[in-house]
1. Give the residues of the stretch 217-250 that are assigned to a helix (DSSP H, G or I) and in contact (Cβ under 8 Å) with a residue 40 or more places away in the chain, sorted by residue number.
2. May I ask you to say which residue of Phe43, Phe74 is open to solvent by less than 30 Å² (accessible area, probe 1.4 Å) and either over 17 Å from the mean Cα position of the chain (by Cα) or not polar (S, T, N, Q) (or both)?
3. Look through Ala189, Ala226, Ala158, Ala149 and report the one residue that is surrounded by fewer than 20 Cβ atoms within 10 Å (Cβ to Cβ) and within 22 Å of Ala110 (Cα to Cα).
4. So which residues in the stretch 122-146 are hydrophobic (A, V, I, L, M, F, W, C) and open to solvent by less than 60 Å² (accessible area, probe 1.4 Å), if there are any at all?
5. I'd like the full set of residues that are part of a helix (DSSP H, G or I) and within 12 Å of the ligand (Cβ to nearest atom), limited to the stretch 167-211.
6. Please state which of the following conditions Arg116 fails to meet, knowing it meets all the rest: (1) more than 24 Å from Val230 (Cα to Cα); (2) away from the ligand (no atom under 15 Å from the Cβ); (3) open to solvent by less than 50 Å² (accessible area, probe 1.4 Å).
7. Ser96 fails exactly one of the following numbered conditions: (1) away from the ligand (no atom under 16 Å from the Cβ); (2) farther than 30 Å from Asp250 by Cβ; (3) open to solvent by less than 10 Å² (accessible area, probe 1.4 Å). What is the number of that condition?
8. Assuming Gly141 fulfils every condition listed in (1) away from the ligand (no atom under 16 Å from the Cβ); (2) within 18 Å of the chain's Cα centre (by Cα) apart from one, which condition is it?
Amino acid sequence: MLDVLLDREWTPKLPISCYAIDHPEGVIMVDTGGDSRATEPGFVPWWHLVARTCDRQELSAEIEVGPQLRALGFPPEDVAKVVMTHMHSDHAGGLSHFEGVEIILSEREAKIALSRAGAINAYFRQNNPTWLKPTTVSFEGQRWESFDASIALSSDGAVRLLPTPGHTSGHLSVVVDRSDHLVLLTGDATYSEAALLSGAIDGIAEDAKAHRDSGERIRALCAKRAVIVVPTHDPDGASRLAERRLTTID
Ligand SMILES: [Zn+2]
């Protein structure tokens, strides 16, 4: 946390990614990237020192998720579902492109992120679209691999939600079964494959203990199955996915 507050160069610039899963039941988005309004005054309240210091987003309107998806041949209005790993503004910033689409997040995340008190934890609900009425899910049962609970999102079970609390207490990840390997879209359950492998704890995690536990479960999954781990802010995440480079545990 001190690094974040005292060192303006605490991290190099990082990407903000989000992913579209092209499933026969329809396109599923995982997160929605950033908001080009992020540099406008008032987007982050003046009093939120941590958010103002550690989270300086910079993106133009053309690279928001809507135009990018359209260019790829997936108009945002035709997307079947949007799953939010969590509601921080670099993940929820593109929600405005998905009016009319089902937005899914964990009940726990919704409870904090959409409340007035959420601002303390860097959820600025005034930036959300006014139409936002998410479908909330809670994890009870359906053990899956190293996770105590899961939710099958597609009827074939190929797209599954996993509880990965820590960075936020209602954080979830999405695992996609591509038959010979799994793709794990971790959101901010870890910032990079290297951080995951070294067991580094997120300095701004809401719950450091839960963060450590989620990391252990992800590493256990990687030890057992062929997995490509793709965190939102990992500069190599997209190329690992494109080149099908597995995350290996020594
Ligand atoms: Zn976050």
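The values are calculated or read from the model by the stated rules, or taken from the named source; none is laboratory data. Note that this is a predicted model, so its numbers are computed, not measured. With ideal geometry, Cβ positions are generated from the backbone for all residues, glycine too; neighbour counts draw on all protein chains shown. These accessible areas exclude ligands, DNA and RNA; they are computed on the full protein's heavy atoms, side chains included. Shrake-Rupley method; radii C 1.70, N 1.55, O 1.52, S 1.80 Å.
1. Arg217, Ile218, Ala220, Leu221, Lys224, Gly237, Ala238, Arg240, Leu241, listed by residue number.
2. Criteria check complete, one pass: Phe43.
3. Ala149
4. Ala122, Phe124, Leu132, Val137, Phe139, Trp144, listed by residue number.
5. Once the filter is applied, which keeps residues that are part of a helix (DSSP H, G or I) and within 12 Å of the ligand (Cβ to nearest atom), the stretch 167-211 yields only His211.
6. It fails just one condition, (3).
7. Single failed check for Ser96: (3).
8. All conditions pass for Gly141, except number (2).
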